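The structure under discussion appears below in the form of structure tokens.
The values are calculated or read from the model by the stated rules, or taken from the named source; none is laboratory data. Since the model is a prediction, treat every value here as computed from it, not as a measurement. All Cβ positions, even for glycine, are placed from backbone atoms using ideal geometry, and neighbour counts span all protein chains on display.
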Amino acid sequence: MNVNTSVSVSEVDALQSGPVYAQIEFRNVTKTYGKVTAVEDLSLTVSRGEFLTILGPSGSGKTTTLMLLAGFEAPTAGDIFIAGRSVAAVPSYRRDQGIVFQNYALFPHLTVIRNLEFPLQMRGINAAERTRRVRRMLERVHLSDLGGRMPSQLSGGQQQRVALARAMIADPPFLLLDEPLGALDRGLREQMQIEMKSLHKEFGITTVCVTHDQEEALTLSDRIIVMRAGRIEQADSPEALYDRPATSFVARFLGEANMLENPDFQFKSDTPQASGTVAMIRPERICILALDAQKRGDADQRQSVNGTVEDMIYAGPLRKYHVRVGNSFFIVREHVASGQQIFRPGDEVCLDWLRSDVRFVAV
Amino acid sequence: MMKLFQKLGRMPIGLTIPAFAILLVVFGIPIVLLFLASINAPAFSATNYLGFFAQTANVRVLFQTIEVSVVATSICLIVGYPTAYLIVAASKSVRITLIALVIIPYLTSGLARTYAWIVILGDRGVINNLLLQLGVIHSPLQLIYNTMAVYIGMVHIMLPVMILPLVSAMMGIDRSLTAAARSMGARPLTAFWRVFFPLSLPGVRAGSLLVFVFCLGFYITPAALGGLRDAMLSTFIAAQVKNSFDISRIATSAFILLAIAVAVLFLLGLDLASAQGRTATTAWKSWVVRISKLDMLKRYFSRFSDSYRAKLWTTQLYQAGDDSRLSNIVGTMFVLLVMVYLHSPGLIVIIMSFSSGTFLEFPPSSISLQWYQTFFGDPSWRGAAWTSIQIGVAVAILSTIVGTLAAYGLNRTHPRLRSFLTMTILTPVTIPVIVVAIASYYGLVNLGLIGSRTGIVLAQSTGATGIVVVIVSATLANFDRTLERAAKSMRAGPLQTFWRVTLPLIRPGVIGGAVFAFLHSFDEVVITNLVSGYSIRTLPLKMWENIRNQIDPTIAAVSSLLMLVPVLWLIILYLTWWRSRLRDHRSRPELET
Ligand SMILES: Nc1ncnc2c1ncn2[C@@H]1O[C@H](COP(=O)(O)OP(=O)(O)OP(=O)(O)O)[C@@H](O)[C@H]1O
Ligand SMILES: [Mg+2]
């Protein structure tokens, strides 16, 4: 089936001019270091032009996956295909790719221009063409005035942009990003997220990004794969992943989740609960009300339970309540609005949610 | 008294006074006087220099000195660079072992190691004996007392001096940089050449400078292993001091040697890490490009290489890689060979020192301790050893106190002034040792201390103080000044703060400094040879005489002992370091809670 898609893809490519972006496929890839299995039986397809993010806790095999794709490591078993070609035995320098390293890895002894020229030189592109491309790329990332500087004379954000420009300047068929924004402070990170998103939209280059920043993953990606102990836990679009997590691990890893294991009240939901699953509801899906508050019109589609506020945390635009209901414990998140009733620890409250917002996830 | 110290504490630069006082009296003033003598002050003329160059023998020796130094430095670089590269590329435990294996010979007596080569290369040496026994040859080969032997011996001694700065520079190179280069299509060799090599240049410069200057002033190995035609300028100068004491002629030769050293220091860039150095080299480069037609040549070449690369890129894209096993094997073999070269002479001597016959044999037919018995039984050997230990301890104490104070004071002075003063304190270890020896000789003559222990201690302390300053400064650089401020805020005086807070914290550095100062003294021949007169015999001096005059197998025992001393010291150093680490680990959780 994959063969079919790649054939049709190359037919389309033939009609287009400009760079050809690649489809990437992992087929049952395993990588072990001695006794440690870093990646286990990984199968995954990244389609052309997709922005895929690999997300997972520390040691889950994200970097290893990226290193396999970059050709710095060879798989112990299985094979990797780039644009339909097996690359398991191809060293890094014979692959056409762009990589942004976690610490940017800008050559400290070369100016920005020379850094950008490097991949072009390695591909034997002549001097005139190199100069032209470098100038265009510098304009594109708003660094035209800084071409003569050394990397050490640039700010963190500027270095990041140079690294991105260097990775993309040779029009590689795919781009690999290793924690691309990890070294930046918060404000700059948001700005760079927007910039990267627009770059990706403009070029449409196949991109694989590794991060453990969930916000970054949710903002940038077309699809996210969540890894756990070398295996894929779930792969889906950001919305689907957040809204319909398949396992409690994913639910907890992406955002906050209320897991209701053996609640001492009757749980109502629209769908029947399968065995081996647990009910989950996101904190922002729960309304917190005074006991005497008026019932809503759609009460028949909702469930309410009574509980006691144990703690209230005020966090700027949000207010977070910890509420105990019998033996279970709820986190409730509410946007601050004027005229809201504020509850204090010890207050009796009513929690109320739509039954359709309850999810059952594998334990 | 207390007041004086407090004043000094407030004026940190005052702490450097003792160090500079010794330096000035023993080395600084005499070298200025020597320079004046060489230019016939107050008449001022260049007759001495012209006279030096008028004699063809002098010029020949000068060129020989430069040639030997350049060739030895080049061999060290050619062998040392790949070794350092492979050491850095090895896994952590292998790397630490290899670095220790490079440091041990570095700390081992150069005299003992030179002696080892005599034993190996001599007419009745290990190699000739082996070949004779195997029947490959029928009369001994002339392996020693020629230029080849000089290079073998000098490179053997200088190689660690080259490898260590290279390793430290290469360790600082981020591995992801070469990975990045490869990911952009640079083949391993290109990635090395375009990225790794330029970044390792500071190490290349530092190592080459150290080795070159060392070679210029070092005459033990050439004199012991070379023929009559292999004399170095330093041998020449030393002989002049012993035979005729014509101060202006000696001074002239010394300053010519110094001028070469300074010229090379300047050419290769003194301050290796500074941005100034970089702009200087780029300016130099653009100048070269301008005066020659290099630019055009470069453009032509790059057009050629571009098309070659383009072809390579398209033909090899997504082709399977080459097998790297072969290069791994070659690399391992290379490092093994270098380690064998560094260690086998010492090991052979240690094994031979247990020979039981009247000659040294390898391998010994039976084991005996006779040469050790001779050593400990002979009052002249015992006396020399005892003198060396006394002088070594005195030098260690003096230079550690003076050097630690100076390092502490320098740490608190303005950076500009600090680097200038540090450079000055380091002169005795950064210029050819024979020049230091001549200056010290002259200085001690003026003080009437030639042939006295005090004189030897003072002369050796100038270099040892420099070593202590380097080591203690490195420790102070990592030292958290807020701890001191905290102590002061608790009303501790400066002296109390230094004694109760600073000193305990920098103790590993101070101990390390003391150990290196002792080793420096314990192995010193060139300076000691000149300033000892005829009355005092240190162990290296007695060994040196024996090596030159008669080959007494007792030297094998002495050499073995000398090679074991640094290993012992290393263990002591390691234990102090380990203890301070342990203390750190214990105190850290307390701070956190
Ligand atoms: N070179 C190596 N040698 C031995 N084990 C390794 C090596 N590289 C990775 N591992 C192991 O493989 C597992 C996965 O590592 P990997 O670096 O891929 O994790 P990661 O998801 O990138 O984690 P992090 O978020 O901390 O970077 C870990 O258990 C790690 O210890
Ligand atoms: Mg990682």
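Things to note:
- Residues that are more than 13 Å from ligand 1 (Cβ to nearest atom) and more than 23 Å from A:Gln160 (Cα to Cα) number at least 2 in the following strands (runs of 3 or more DSSP E) confined to region A:37-100: A:77-82.
- Candidates A:Gly255, A:Gly339, filtered to the one that is of a type outside the set (A, V, I, L, M) and either assigned by TED's automatic domain parsing to the domain that holds A:Glu216 or within 26 Å of A:Leu55 (Cα to Cα) (or both): A:Gly255
- Only residues that are over 21 Å from B:Arg175 (Cα atoms) and within 13 Å of ligand 2 (Cβ to nearest atom) were counted across region A:61-88, and they come to 0.
- Among the residues here, A:Gly157 qualifies as in a helix (DSSP H, G or I), over 28 Å from A:Ile82 (Cα atoms) and more than 11 Å from every other protein chain (Cβ to nearest Cβ).
- Members of region A:170-203 found to be away from ligand 1 (no atom under 16 Å from the Cβ), touching a strand residue (DSSP E or B) at 6+ places or on another chain (Cβ under 8 Å) and part of a loop (DSSP other than H, G, I, E, B), listed by number: A:Ala170, A:Pro172, A:Pro173
- Scanning region B:20-56 for residues that are outside any helix (DSSP H, G or I) and surrounded by 18 or more Cβ atoms within 10 Å (Cβ to Cβ) yields a single hit, B:Ile39.
- Candidate set: region A:20-31, residues that are surrounded by 15 or more Cβ atoms within 10 Å (Cβ to Cβ) and over 15 Å from A:Ala83 (Cβ atoms); chosen: the one nearest to ligand 1 (Cβ to nearest atom): A:Lys31
- Some residue of region A:118-130 being assigned to a loop (DSSP other than H, G, I, E, B), in the same structural domain as A:Ser221 (by TED's automatic domain parsing), within 27 Å of B:Leu201 (Cα to Cα) and of a type in the set (S, T, N, Q): no
- For A:Val162, the stated conditions do not hold, so it cannot be described as under 17 Å from the mean Cα position of the chain (by Cα) and within 14 Å of chain B (Cβ to nearest Cβ).
- Candidate set from region B:179-190 (those that are surrounded by fewer than 24 Cβ atoms within 10 Å (Cβ to Cβ), among the aliphatic types (A, V, I, L, M) and part of a helix (DSSP H, G or I)); member that is nearest to the other protein chains (Cβ to nearest Cβ): B:Ala179
- Tally of residues being surrounded by fewer than 23 Cβ atoms within 10 Å (Cβ to Cβ) and not in a helix (DSSP H, G or I) across region B:105-154: 15
- Count of residues meeting criterion [within 7 Å of another protein chain (Cβ to nearest Cβ) and surrounded by 19 or more Cβ atoms within 10 Å (Cβ to Cβ)] in region B:164-178: 1
- Criterion (modelled with pLDDT of 80 or more, more than 9 Å from chain A (Cβ to nearest Cβ) and either surrounded by fewer than 11 Cβ atoms within 10 Å (Cβ to Cβ) or assigned to a helix (DSSP H, G or I) (or both)) met by exactly one of B:Ala263, B:Ala280, B:Ala310: B:Ala263
- Checking B:Asp230 against (1) within 14 Å of chain A (Cβ to nearest Cβ); (2) more than 30 Å from A:Ala163 (Cα to Cα), the condition it does not meet: (1)
- With respect to the conditions (1) buried (at least 19 other Cβ atoms within 10 Å of the Cβ); (2) within 20 Å of B:Phe218 (Cα to Cα), B:Val59 lacks only one, and its number is (1).
- Within region A:178-216, the set of residues being closer than 16 Å to A:Gln23 by Cα and either within 16 Å of ligand 2 (Cβ to nearest atom) or of a type in the set (A, V, I, L, M) (or both) comprises A:Ile205, A:Val208, A:Cys209.
- Residue match in region A:187-208 (condition: within 14 Å of another protein chain (Cβ to nearest Cβ), crowded, with 19+ Cβ neighbours inside 10 Å and in contact (Cβ under 8 Å) with a residue 24 or more places away in the chain): yes
- Checked against the criterion of being in contact (Cβ under 8 Å) with a residue 12 or more places away in the chain, surrounded by fewer than 20 Cβ atoms within 10 Å (Cβ to Cβ) and at negative phi, the candidates A:Pro57, A:Pro75 yield just one match: A:Pro57.
- Filtering region B:430-464 to residues that are assigned to a helix (DSSP H, G or I), without any contact (Cβ under 8 Å) to a residue 60 or more places away in the chain and under 20 Å from B:Ile250 (Cα atoms) leaves only B:Val445.
- Residue in region B:242-258 that is part of a helix (DSSP H, G or I) and within 14 Å of another protein chain (Cβ to nearest Cβ) present: no
- Across region A:24-60, the number of residues qualifying as within 14 Å of chain B (Cβ to nearest Cβ) and within 16 Å of ligand 2 (Cβ to nearest atom) comes to 1.
- Complete set of residues in region A:78-92 that are surrounded by fewer than 21 Cβ atoms within 10 Å (Cβ to Cβ) and at the interface with chain B (Cβ under 7 Å from one of its Cβ atoms): A:Arg85, A:Ala89, A:Val90, A:Pro91
- Identity of the residue in region A:136-169, out of contact with any strand residue (DSSP E or B) (no Cβ under 8 Å at 6 or more places or on another chain) and among the charged types (D, E, K, R), that ends up surrounded by the most Cβ atoms within 10 Å (Cβ to Cβ): A:Arg161
- Considering only residues in region A:326-349 that are buried (at least 18 other Cβ atoms within 10 Å of the Cβ) and touching a Gly at 6+ places or on another chain (Cβ under 8 Å), the one that is nearest to A:Phe265 (Cα to Cα) turns out to be A:Phe330.
- If you go through region B:191-208 and keep only what is out of contact with any Ser or Thr (no Cβ under 8 Å at 6 or more places or on another chain) and more than 7 Å from every other protein chain (Cβ to nearest Cβ), you end up with B:Trp193, B:Arg194, B:Phe197, B:Ser200, B:Leu201, B:Pro202, B:Val204, B:Arg205, B:Ala206, B:Gly207.
- So A:Gln97, is it on the phi < 0 side of the Ramachandran plot, in contact (Cβ under 8 Å) with a residue 12 or more places away in the chain, within 9 Å of chain B (Cβ to nearest Cβ) and surrounded by 20 or more Cβ atoms within 10 Å (Cβ to Cβ): yes
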